[in-house]
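Here, each number is a calculation from the coordinates, and none is a lab measurement. All values derive from a computational prediction rather than experimental measurement. In this analysis, Cβ positions are derived from the backbone assuming ideal geometry, glycine residues included, and neighbour counts consider all displayed protein chains.
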């Protein structure tokens, strides 16, 4: 099965990959009738860039020692990662209908013990970056060239333990660690910027000693550049890509909603959303 | 209504006159427990780990600024490139240990028992225990082993840790057992929480030909009148109390149960069911949720109905002071143990 170079050799565009991730996520959300679909639609471009441009992995061997690790802190984004794993061929399409059901390998909150390709048990926010620090140290001990990616959310930056890990990654010069912050300015009770996040996140990370980039997380060209720079940055320091994303990106009637942390949609609206997406199917 | 003025807790200060009539100074935070009139061994945990590491390249050590005070410095000096100083960051300590374990290493993570149990619980639960990773959490200052007050006295750590699925919980007695248990847990899959005695640690069990076995309670000394079931340094106190009571014609068995979880229910119930003995649990821990309640639950579930008493610390935030004073005050010295058992027998 394809590693990164083979994946790149295919003619499937990143835009098409992101489209497929959105479509799979909508299909799964339809099974439940509700869910964290706003985040999944928002982060689809970031995941497409991660899984179909940046990362090394083998779809038929998710435990392959040479893989890049992808740690999803934010367990409730599982629907988005399942969609990426479906598109990558790590999860089979015929399990889409089981999402969030009893006996499914795809529970609502991501857990390592359930799902191939789900590396850690997320959900208790503020743990992923610390685990990533340990794994990055371990990979260095083994002289591995693999990267550890940790996807965390802007709301998760409120957890003090995240900052313990931020400091530690600099102390240990973890140039094999790439943090991806999905900054959608939406947490459970309202805008993240009304809570603990600030508009100046990148300078904050730089002040701690990280190589920090800030990009439009729904601009595939910008994302590709940012991921390339993060991987190839010459200095011995950890890297962060702060991705400003739009909740519900790609489905206008959902984008316009006020509260999008956990979305409930009328039964007929799922078909409408998928139809809207299908109208814009990229090559 | 009006908001009341700011308030503070009622003063705890009340002058005490210790039994000896002399006031004792609080010792250093992490004084050795060497005032037992026994041979001691230096830093048994650190030396065992360093020894083990010679043949085990997968062993790494991490501490949150307490390597010196957990004896991990012995390992760190022997294998500096395998030691990770994580700083004063216990959440990170546990998460990073989990990350290293994911990559195939067997991390020994050390801090004080208060910080692991109270501060880092969710990180141990979700990053380590839920995934059954082989992280060995080894913690100094268990129970009442410092006079610095509640900030450093882990009087409820066993209660907290017993609640965590997948986690093996150990409370070893002495230097011999810490040495052996360190080697055993390195070979045991899954996460472990082990209480440590550090510095100069008494050698007590050596003379009994004891060998630590994970999950096993062992009869160290048999007796016909009382069955003391104990863990940690309370086993050495129980053995001394048994000697003192024997001089008065009261014969105590001492069943040492260093594995708090999974508890050796079979041995404990079998010994208690022999009958004719007062069952007394003895632990350096709160009366709530530790060895005593674990034993009580096991006996009740097995329908073993016996007279039962607990020697444990009270369910309170304890006082500051000198350890000998505090151990006397809270009833866990040899003399107090013997006196309480005698009183119960006379009841």
For residue A:266 and residue B:302, extending 7 Å from Cα along the Cα-Cβ vector and measuring point to point gives, in nm, a value of 6.4
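Find how much the distance from residue B:56 to residue B:339 grows on full extension, using 0.36 nm per residue of separation minus their present alpha carbon separation; answer in nm with one decimal. Before the final figure, lay out the partial values.
Working: separation 283, 0.36 × 283 = 101.88 nm, distance 4.73 nm.
Extra length from residue B:56 to residue B:339 when fully extended: 97.1 nm.
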Pseudo-spin-label distance residue B:316 to residue A:232, built 7 Å along Cα→Cβ, given in nm, is 6.9
Residues in region B:104-128, backbone N under 11 Å from the label point at residue B:148 (7 Å along the Cα-to-beta-carbon vector): list them, ranges by number please.
B:112-115
Could you please state, rounded to a whole Å, how far the C-alpha centre of region B:160-221 is from the C-alpha centre of region A:247-267?
55
Per residue of chain A, what 222 nm ellipticity follows from adding -39500 (n - 2.57) for every DSSP H run with n ≥ 4, rounded to the nearest 500?
-12000 deg cm²/dmol
Cut-off 15 Å, label 7 Å out along Cα→Cβ of residue B:188, residues of region B:203-241 by amide N:
B:211-218, B:231-232
Where does helix A:37-49 land angle-wise versus the long Cα axis of chain A, in degrees 0 to 90, nearest 10?
50
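Using a/c under 1.5 as the rounded threshold, could you call region B:124-255 rounded, prolate or oblate? The axes a ≥ b ≥ c are square roots of the C-alpha gyration tensor eigenvalues, and prolate needs a/b larger than b/c, oblate otherwise. All intermediate terms of the calculation are to be shown ahead of the outcome.
On the way: a/c = 2.04, a/b = 1.66, b/c = 1.23.
Verdict is prolate for region B:124-255.
Assuming R0 = 60 Å, what is the FRET efficiency of residue B:273 and residue A:142, from their Cβ-Cβ distance, to the nearest 0.05?
Working: r = 52 Å, r/R0 = 0.86.
For residue B:273 and residue A:142, the calculated efficiency is 0.70.
Helix-only mean residue ellipticity at 222 nm, chain B, DSSP H runs n ≥ 4 weighted -39,500 (n - 2.57), per residue, nearest 500. What is it?
-8500 deg cm²/dmol
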Taking a spot 7 Å from the Cα of residue A:105 along the direction of its beta carbon, which residues of region A:21-63 have an amide N less than 12 Å from it?
A:60-63
Between region A:213-235 and region A:18-65, what's the alpha-carbon centroid distance in Å?
19
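Using a ≥ b ≥ c from the Cα gyration tensor of region B:215-346 (square roots of the eigenvalues), is it rounded, prolate or oblate, where a/c under 1.5 gives rounded and otherwise the larger of a/b and b/c decides, a/b for prolate? Intermediate results must be reported in sequence, preceding the final value.
Values: a/c = 1.74, a/b = 1.21, b/c = 1.43.
Here region B:215-346 falls in the oblate category.
Sort the protein assembly as shown into rounded, prolate or oblate with this rule: let a ≥ b ≥ c be the square roots of the eigenvalues of the Cα gyration tensor; rounded if a/c is under 1.5, and if a/c is not under 1.5, prolate when a/b is larger than b/c, oblate otherwise.
Numbers: a/c = 2.26, a/b = 2.15, b/c = 1.05.
Cα axes put the protein assembly as shown in the prolate bin.
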Residue with peak Gaussian network fluctuation, chain B [Cα springs, cutoff 10 Å], from B:303, B:180, B:153:
B:303
Please work out the Cα center distance from region A:103-150 to region A:155-202, rounded to the nearest Å.
17
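Could you compute the FRET efficiency for residue A:257 and residue A:193, with r as their C-beta to C-beta distance and R0 at 22 Å, rounded to 0.05?
On the way: r = 18 Å, r/R0 = 0.82.
E between residue A:257 and residue A:193, to the nearest 0.05, is 0.75.
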